[in-house]
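One structure is given below, encoded as structure tokens.
The values are calculated or read from the model by the stated rules, or taken from the named source; none is laboratory data. Predicted model, so just to flag it, every value in this text is computed and none were measured. Glycine also receives a Cβ, built like all others from the backbone with ideal geometry; neighbour counts cover every protein chain displayed.
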Amino acid sequence: MTSILRAAVLTLSDRCARGESVDTSGPALAETLRQRLGAEMVRHDCLPDDRTLIVKTLRGWADDPAAPDLILTTGGTGLAPRDVTPEATLEVLERRHSGLMELVRRRCYEKTPRAYLSRGEAGVRKRTLIINLPGSRRGAVESLEALLDILPHAIETLRGEVQDDGRPEAVAVTGKVVRHEEGR
């Protein structure tokens, strides 16, 4: 990528927010982003499973002039009554990108069919990509790993750094031209 990916992680857990348990998924996601993508972590917070707080925080982070390129949430994507992260995220997104979560579920299915129990959403608000991941450390990291090969291109495209053009004679105008292999 042209510049360093700026990322944020939001952990959503009533127990962690109350100090009754330790957040392991948030720090594991941050470490994976740093190690595998060279990301700069610009924010990390832990909130209870409260739709209003989640909406306010996601909007605040994405609408900030120094917004991160990527916000990962961890937790609140299951079937429990207080699992409201997907609903809160949908309230914030300007453009949904369901294909990202389809890819996560497909790639993670080989490890566990429970991947399909996650109701996570993904999409864009302004120039920030927001992705919901499961709350368990293992589920969160495996889900992120399922996206690591495409996240750099997604962020570059969202930033406007890529002119994704299949024409052989394409010339970069605002960024770089991505050349596609024949048949892709």
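The table below gives the values:
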item: Residues within region 100-127 that are assigned to a helix (DSSP H, G or I) and either buried (at least 17 other Cβ atoms within 10 Å of the Cβ) or modelled with pLDDT of 95 or more (or both), tallied; result: 11
item: Subset of region 1-25 (residues that are closer than 20 Å to L158 by Cβ, within 15 Å of the chain's Cα centre (by Cα) and outside any strand (DSSP E or B)); result: L5
item: Single unsatisfied condition, L148 versus (1) at pLDDT below 95; (2) assigned to a loop (DSSP other than H, G, I, E, B); result: (1)
item: Residues located in region 73-86, provided they are at negative phi, in contact with a Ser or Thr (Cβ under 9 Å, 6 or more places away or on another chain) and not polar (S, T, N, Q); result: G78, D83, P86
item: In region 120-141, residue nearest to the chain's Cα centre (by Cα) [restricted to those that are among the polar types (S, T, N, Q) and over 12 Å from T85 (Cβ atoms)]; result: T128
item: Search result, residues across region 22-59 that are over 20 Å from L79 (Cα atoms), polar (S, T, N, Q) and surrounded by fewer than 16 Cβ atoms within 10 Å (Cβ to Cβ); result: Q35
item: Number of positions in region 60-76 that are of a type in the set (D, E) and either in a helix (DSSP H, G or I) or touching a residue at least 60 places away in the same chain (Cβ under 8 Å) (or both); result: 2
item: Every pair of residues 6+ apart whose Cβ atoms lie under 8 Å, when the first sits in region 152-173 and is under 19 Å from K126 (Cβ atoms) and among the charged types (D, E, K, R) while the second is modelled with pLDDT under 85 and outside any loop (DSSP other than H, G, I, E, B); result: E156/V162; E156/K176; E161/K176
item: Where a residue in region 19-36 is polar (S, T, N, Q) and its partner, wherever it lies, is part of a helix (DSSP H, G or I), with Cβ under 6 Å and at least six apart; result: S21/R15; T24/R137; S25/R137; S25/A140; T32/V141; T32/L144
item: Subset tally (residues that are basic (K, R) and within 26 Å of G160 (Cβ to Cβ)) for region 1-57; result: 4
item: A28 vs. criteria more than 13 Å from the chain's Cα centre (by Cα), outside any loop (DSSP other than H, G, I, E, B) and of a type in the set (A, V, I, L, M); result: yes
item: Pair list, Cβ < 6 Å and 6+ apart or interchain, from region 77-89 residues that are crowded, with 17+ Cβ neighbours inside 10 Å to residues that are of a type in the set (D, E, K, R) and not in a loop (DSSP other than H, G, I, E, B); result: V84/R51; A88/R51
